[in-house]
Amino acid sequence: MTLLVALDLMGIFVFALSGATLAVQQRMDAFGVVFLASVAALGGGVARDVLLDIAPAALDDTRYLVAPLVAGTLVFFFSPLVERLAGAVRLFDAAGLGLFVAAGTGKALDAGLGAVPAVALGCLTGIGGGVLRDLLAGVVPVVLRREVYAVPALLGGAVVVVLDGQGRSGPVVLLGAAGLVFALRMLGVWQDWHAPVAPQRRRQV
Amino acid sequence: MTLLVALDLMGIFVFALSGATLAVQQRMDAFGVVFLASVAALGGGVARDVLLDIAPAALDDTRYLVAPLVAGTLVFFFSPLVERLAGAVRLFDAAGLGLFVAAGTGKALDAGLGAVPAVALGCLTGIGGGVLRDLLAGVVPVVLRREVYAVPALLGGAVVVVLDGQGRSGPVVLLGAAGLVFALRMLGVWQDWHAPVAPQRRRQV
Amino acid sequence: MTLLVALDLMGIFVFALSGATLAVQQRMDAFGVVFLASVAALGGGVARDVLLDIAPAALDDTRYLVAPLVAGTLVFFFSPLVERLAGAVRLFDAAGLGLFVAAGTGKALDAGLGAVPAVALGCLTGIGGGVLRDLLAGVVPVVLRREVYAVPALLGGAVVVVLDGQGRSGPVVLLGAAGLVFALRMLGVWQDWHAPVAPQRRRQV
């Protein structure tokens, strides 16, 4: 198992937890839970592979389909526990964001993309599944909420690209970038950071 | 005309009827009706072809574009009749689901996919167009409602894969699997079957 | 820079303006503005390139990613001005529609598609980004509103195909078709044209 596959599977598992938890919150049934888990988990990576014109790993490797099934089943049966963990969707989402941005940027560089498109594709990998998850569940996509979400992803992708330019890549770089994204995102949630809105539209809070 | 093309065209026509009927119910105009018919009809198959990295049939074969146009026009002009057929959206949707799951699973096996990914892709083919249709029309996607929707699709795909493993494929297998999906789905609607929700979230009904 | 690239970049810029303006109207933050600008600007063209199985230009050419960034930043800082220009979203959207339909139909013909699929793909190029923009912003997709939106696109695509059949293509044809789409669309908005709804569903106005 290569590192990129391991990162992908970890990202899939935590994103699937986020999708399944949201589905339980929205009182969906068992299949809705597994479906939303799969969409959240696989959406970003499949979009990336389609854009890179490589065969989506999810169609080649049964583990990519089993991971969301396991995560969905776990959340379904232990949902009272998961619910007590307040902010579980956000926590899993932040972990998935980090893992997918790092893995996605790495895969884009491997495919020969330049710096800017590689960061953009890494961010799409990280954000895509969550956007689909939120659209299907009928909630405002997390990336469009007034929270700091895109900045950690952009920084994480940039770190991977810059270090790659210096000849440094591999497990430590990718896991480090993933951890950086996760830490910044959770720090933003914890500190209630907000990105600015356009001038003269800012409301009294 | 090969069998897979015939099944595809039948599925396109009935899914287009479902999209057009929903559009009329939502009081969309003539072009909204044809647009929603086309999205419902072509969404799942195009997604499947893109994932399999084969040229989408809809771009090659004018019949794939004419079918939703005809279905949309029919529903547009005969909508009072269609409306009196209560549950028409569901009926056409169930027929399209069966035809697309069978055709999609068959096409995935032809492309050399393994058992689990082939069933998953067959289900995506069957579910994708309806999800897009419902998202665009602003209603909760049918697969996420508390109805038995995914189970018939999964069983239909599994039947195609198992019989293919025994060397049996062809018209009878695919039409039989499509009929099985349709029958189970309509039985679920008729009997008002519900899939379970997560423990301790079940509401008093 | 070829003409198709120039048309693409112009379409990207004006669609990005439409996405950014909508995001400011919905009080999204700075990153939401850039994200919605990028989705509106790149969604249609990327979908077209994926369907044609050619490498999406947005991954190859940094200008495709810089254009929505610039447009989003402009709208973000000058939004009070943009807001005063009533109907700015619609104006930019109509310009983007024209440019993308013309460029998309031309690219589809270049890729060897037949007349009907080329027009369909041109319309998808023109409509796709706006549909994604509206879905993410939680408003009814413009193509499904009771306005004349699809007809200009279809006519513009048809003009490109017919003239191509007569051996005429190139800058004048494409820019002329783009102008025709824009003019028809804005005329429809100005004259408050409505497409018909299905018989016996028409409401008293």
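Throughout, read-outs are computed from the coordinates displayed, never taken from laboratory work. Note that the coordinates shown come from a computational prediction; the quantities given were computed from them, not determined experimentally. Cβ coordinates were reconstructed from backbone atoms using ideal geometry, including for glycine residues, and neighbour counts include every protein chain displayed.
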Cα pair distances in the stretch B:3-191, grouped into 5 Å bins until the bin that holds the longest one, percent each: 1, 10, 19, 22, 20, 15, 8, 3, 1, 0
Projected label distance in nm at residue B:2 and residue C:5, using a 7 Å step from Cα toward the beta-carbon: 3.8 nm
Other-copy label distances relative to residue B:27, 7 angstrom Cα-Cβ extension, nm: 2.8, 2.8
Residue among C:186, C:121, C:165 farthest towards the positive dipole end of the stretch C:102-205, charges placed on Cβ: C:186
Förster-model FRET efficiency, 22 Å R0, residue C:110 and residue B:110, C-beta, rounded to 0.05: 0.15
Cβ-derived FRET efficiency at R0 56 Å, residue A:183 paired with residue B:172, nearest 0.05: 0.45
Size of charge dipole - the stretch A:3-191 - debye, nearest 20, with Cβ of Lys, Arg +1 and Asp, Glu -1, no other charges: 460 debye
Average Cα contact separation per residue, the stretch B:3-191, under 8 Å, 6 or more apart, as relative contact order %: 26 percent
